[in-house]
Amino acid sequence: MLALFDLDNTLLNRNEGLASWARGFVQSRRLPAGAESVICERLRERAYREDFMYLRRVLRLNETPDELWGDYVQGIAQSVRCYQGVRQYLKALRDAGWTLGIATNGAGDIQRAKLNETGLAPFFQGIAISEEIGVRKPARNHFEAAAELCGASIHTGGWMVGDGPDTDMGGGRGAGLRTAWVSNGRRWIFGPREPDVVARDVAEAIEALLAAG
């Protein structure tokens with residue numbers, strides 16, 4: 001059975017990692033009060049090189065955008081942490097014969113840096129990153145590509161596990177996959193049709209997948 005996973009705020013706590021990196025970035029450059037919130041707001045949903053052109057201008061930074069981007073890629077990869085139990089539960093899925101893949105939006109270098117730094121990369125047979133495959137979730141083609149990179153097909157079924165109501169749940173359902181929503185403390189208020197599984201965290205979501213077989 002195929003299980004595709006979102007990365008940020010599903011397997012990894014990106015929100016806390018971003019806040020930690022931004023705090024260190026501001027302190028190391030002695031930037032004024034408010035700079036941390038400017039950075040976090042700009043990068044909250046996603047981060048690309050062009051975002052650092054904006055931050056360089058607004059915060060009057062000396063480094064080039066490429067230098068700032070390199071600092072961010074290395075720093076955020078070292079700042080993010082897996083949620084509790086992630087490795088244990090991914091191993092349980094692999095041991096049970098599941099095929100695991102990553103289906104994530106974002107820049108290739110940064111998403112791969114996170115996967116490598118946290119030690120998660122070896123758990124997955126395929127890794128689909130929007131910048132690399134040329135299509136973003138919730139497009140059906142993204143999920144098709146993710147499955148193909150795993151040596152599988154969405155036409156034979158599977159699951160999408162993620163925290164995004166539209167990108168993960170809507171996109172996964174539209175691709176014909178069953179869906180497991182990682183709520184992170186939220187209630188489902190995003191439409192009349194709930195996901196197949198609503199879980200507090202990714203560990204609980206994986207428990208549901210294991211029970212479903």
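The values are calculated or read from the model by the stated rules, or taken from the named source; none is laboratory data. Bear in mind that the values here come from a model prediction, so they are computed numbers and not experimental data. Heads up, the Cβs are rebuilt from the backbone with ideal geometry, glycines too, and the neighbour counts pull from every protein chain shown.
Table for the structure above
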{"read-out": "Subset of the range 111-169 [in a loop (DSSP other than H, G, I, E, B) and aromatic (Phe, Trp, Tyr)]", "value": "PHE124"}
{"read-out": "Residues that are in contact (Cβ under 8 Å) with a residue 40 or more places away in the chain and out of contact with any Asp or Glu (no Cβ under 8 Å at 6 or more places or on another chain), drawn from the range 49-78", "value": "TYR72, GLY75, ILE76"}
{"read-out": "Residue list for the range 1-24, restricted to those being buried (at least 21 other Cβ atoms within 10 Å of the Cβ) and more than 30 Å from ALA175 (Cβ to Cβ)", "value": "TRP21, ALA22"}
{"read-out": "Of residues in the range 154-179 being loosely packed, with under 15 Cβ neighbours inside 10 Å and touching a residue at least 40 places away in the same chain (Cβ under 8 Å), the one nearest to THR10 (Cα to Cα)", "value": "GLY157"}
{"read-out": "Number of positions in the range 28-48 that are assigned to a helix (DSSP H, G or I) and small (Gly, Ala, Ser)", "value": "3"}
{"read-out": "Test: residue in the range 178-190 that is on the phi > 0 side of the Ramachandran plot, part of a loop (DSSP other than H, G, I, E, B) and either aliphatic (A, V, I, L, M) or assigned by TED's automatic domain parsing to the domain that holds GLY106 (or both)", "value": "yes"}
{"read-out": "Test: residue in the range 136-152 that is within 16 Å of the chain's Cα centre (by Cα) and among the basic types (Lys, Arg)", "value": "yes"}
{"read-out": "Residues that are of a type in the set (S, T, N, Q) and assigned to a loop (DSSP other than H, G, I, E, B), drawn from the range 49-96", "value": "ASN62, THR64, GLN84"}
{"read-out": "Residue within the range 180-202 that is over 21 Å from ASN13 (Cα atoms), buried (at least 18 other Cβ atoms within 10 Å of the Cβ) and of a type in the set (A, V, I, L, M, F, W, C) present", "value": "no"}
